[in-house]
Structure formats: C-alpha cells, structure tokens
Amino acid sequence: MRIPLIDLRAQHAAIADELMAAVAKVVAEQSFILGARVAAFEQRLAEYVGVRHAVGVASCTDALRLALVALGIGPGDAVITTPFTFVASAEAIVRAGATPVFVDVDADSVHLSPERVAECIREWRGPERLRAILVVHLFGACADSKGLLELARTHGLFLVEDAAQALGAVRDGAAAGAVGHASAFSFFPAKTLGAWGDGGALVTADDAIAARVRRLRQHGVEGGRVMEIGENSRLDALHAAVLEVKLRHLEAWIAARRQGARRYRELLDGVPGVSFFDALDEGGTHNPYVVRIAEGRDRVLMSLRAQGIDARAYYDRPIPDEPAFASVRHHRAAIPEAEKRSRDALALPLCANLSTTAQQEVVDALRSAMAGR
Ligand SMILES: *Cc1c(COP(=O)(O)O)cnc(C)c1O
C-alpha cells in the first residue's frame, strides 16, 4: 500500500534513539518479567488516565476477561454489550463464562446509549442474571460513560469500559477508562499507544479488583503462595519500556491526529455521499479515523485499495452475525443501526505523521471512488 492505515515506521523513526536506549537498558538488566520497568509504566499510565491502579497484562482481551472475572462475573451471568465492535469485546464475556446480550448502537452513532441499554434492562426476563454493561469506546471516542455508570448504579450492575481504541479520549471532563468499575486498554501495535507486540492493561479505582488481577495474571500467586488458580498474562518488561517512552509522546500524537481529522473534514466537506459521525469529534483520538459512506461502501473500499490507499471496512459485520455465534449462547434484539454501520463505516489512513500531501491523495482517491460508485 502506498499510504498505510497507520505509518508505524515513520512513528518509530522519529523516536528510535529514545526507544532503543530504553530497550537496551532492559536487555542489559536481563530482567524481562514484571519488576521495576512494568511497575514504572503502570504508575505512569495510572497517572495519565487519572485512576488509582493500572495492571499490565498480555492483551486488552485478557484485561477485559480478567476484569469480568475479578468482578465475580461468570456462568449464569449476562453482560450487555454492543454488536458493533471488534470481536474481543464479546469474546471476553464468553471466555469469562457469561452470556453476551447485544443491544443496538444509537441511531446515527457508533456507541451504546444509556437510553437503549435502559430499555434492555427494563425488558430483561433472563434466565441469566444481568450483572454488567461492557461499553466500547469505538473509533477513539468515548461513549456516554457517565450516563451508563448512573444507569448501572441504579440497577446494581457493574460498568466495564473497553477503551482499547480510546486511550487519551475525553468526554464531559472524564477520560476514557476513568469512569467504570474496571477498564481495559490495548497496546496492540496499531493502537494509539502501541507496543512492539501484544500488550494490555486493566485500570481501576478499586483496590480489591487491582489486587485480584495482579494475582490472576501470575498464576494466582500472592505472598509466595498459590491462592487461586490463575494464569499467565503479564505485560513484558520490554514492552513496558517501549510504552513508557511512547507515552511521553502520546499527547502530541493525539493533537496531530485531531488536526488530521479536522483537515479531512474540511477537505471532504461537500463530497456527495460522504458524511461524518459527529460523536467522534467530541474529545476523540480518531483511532481509527472513520467516515460514513451513504451507499456502495464496499465498491468505494475496493477502489481506494486499488489506488494504493489502505482503507478498511471497520467493521463489516455485527458480532452476533459472525459464524461462531451460531453456536454460542447470546441474546440479541433487533440491531438495525449496527447493521447499517457495518455497511457504511469506512476507515481512512490517519496517523500523527501523515503528510498533507498524502492526506490530499487520500481525499482525491476518495472523491474519484465516490464519483465512480
Ligand atoms: C484492539 C481491540 C481489542 C483487543 O485488544 P488486544 O490487545 O489485541 O487484545 C478489544 N476491543 C477493541 C474495541 C479493540 O479495538
């Protein structure tokens, strides 16, 4: 692809010296598992998000599942989530032993809304016990966490935030991940803060949840004794060192992404058939940057890709319509908005280092794709 969705090589080149120095230290120390590097990064991350605890784990998928487990959610329980997301959000619920309940996203939006979730709670007839709302801050923008937390509290439910795409996003003065009982971040390389491989973190204000996940991530061991059956899900020290360096640049990268998003909006204004999800501009980090194509999204996508533009259809199918869910217990009502989103959402290349010329090329390619639909 001439213009990649995210140019990780350019990002690396800009701070390669800093990164290599940090990694060289870990190599010299030969201390790769947990220890001071991981603790230091956890501390920085917790400060950045504005929560008491951050616990580094192997992935965001693990962080989500461990959050549910630490909240005591498992077989016989149900968790409300969105059908329009990456599969990991629902996968974590299933892997925790609970049943996902898919509630449609709000009209013309990409997020769950308190209104729709409230309706689901009102009409819930079981047989599982509703225990939590797992909200996803999709495309780098926060859903209404505060509204959902209030709703959760009213009904004695937990709120878990899947903030994999939204580190650094804010809404109503609250950072992504700082509102729920527990939240999960991903350091998959293409996320806004990416490691050199897989990584994730759970953040929480709750001492007991943090302690439980610290124990679960390393075989249930606490004070030298196996207190429960856990697993191996740790953030590597090498990744923590990389992430600590990158976290110092995160605000600058987010500012550049926001500027790029504004520029897209100006350049694409008035192109027939292209529109925007306003919610994504509200304190969002545009990871990924997504527009709405009124008709023929798949043809537009093919045309862009043929022109060397690494556009993507995020996501092209509601999660409960994926083949695996034919044999996985779940609940769903009608999800017409999620179905529409999987037909009209289109991600375009955007990263902090995207040049104005490259961006103009994307816009020109999209214009011609739209004309030829
Ligand atoms: C990337 C992503 C995940 C999974 O993150 P991993 O670190 O790869 O496990 C979960 N949810 C959403 C919304 C994501 O975008």
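The values are calculated or read from the model by the stated rules, or taken from the named source; none is laboratory data. As the structure is a prediction and not an experimental result, all values here were calculated from the model. No Cβ is skipped: glycine too gets one built from the backbone with ideal geometry, and neighbour counts run over all protein chains shown.
Quick one: is residue 15 outside any helix (DSSP H, G or I) and assigned by TED's automatic domain parsing to the domain that holds residue 136?
No; evaluated as a whole, the condition is false for this residue.
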| message | Looking at 78, 107, 98, 92, can you tell me which residue is in the same structural domain as residue 204 (by TED's automatic domain parsing), of a type in the set (Gly, Ala, Ser) and within 13 Å of the ligand (Cβ to nearest atom)? | response | 92
| said: Take residue 195 and tell me if it is out of contact with any Ser or Thr (no Cβ under 8 Å at 6 or more places or on another chain) and touching a residue at least 40 places away in the same chain (Cβ under 8 Å). | reply: yes
| remark: Taking the range 111-154 and the residues there that are in a loop (DSSP other than H, G, I, E, B), closer than 22 Å to residue 94 by Cβ and out of contact with any strand residue (DSSP E or B) (no Cβ under 6 Å at 6 or more places or on another chain), the one that is nearest to the ligand (Cβ to nearest atom) would be 137
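Examine the range 312-327 for a residue that is over 26 Å from residue 186 (Cβ atoms) and not in a helix (DSSP H, G or I), and state whether such a residue exists.
No, every residue in the range 312-327 fails to be over 26 Å from residue 186 (Cβ atoms) and not in a helix (DSSP H, G or I).
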| query | Looking at 57, 87, which is the one that is more than 26 Å from residue 156 (Cβ to Cβ), surrounded by fewer than 21 Cβ atoms within 10 Å (Cβ to Cβ) and within 14 Å of the ligand (Cβ to nearest atom)? | reply | 87
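Given the criterion exposed (fewer than 15 other Cβ atoms within 10 Å of the Cβ) and in the same structural domain as residue 53 (by TED's automatic domain parsing), identify the matching residue among 225, 217, 234, 299.
The unique qualifying residue is 225.
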| task | Inspect the range 88-99 for any residue being part of a helix (DSSP H, G or I) and charged (D, E, K, R) and give the result as yes or no. | result | yes
| request: Output the strands (runs of 3 or more DSSP E) that fall wholly within the range 158-205 and possess 3 or more residues being more than 11 Å from the ligand (Cβ to nearest atom), or say none. | output: 158-162, 200-204
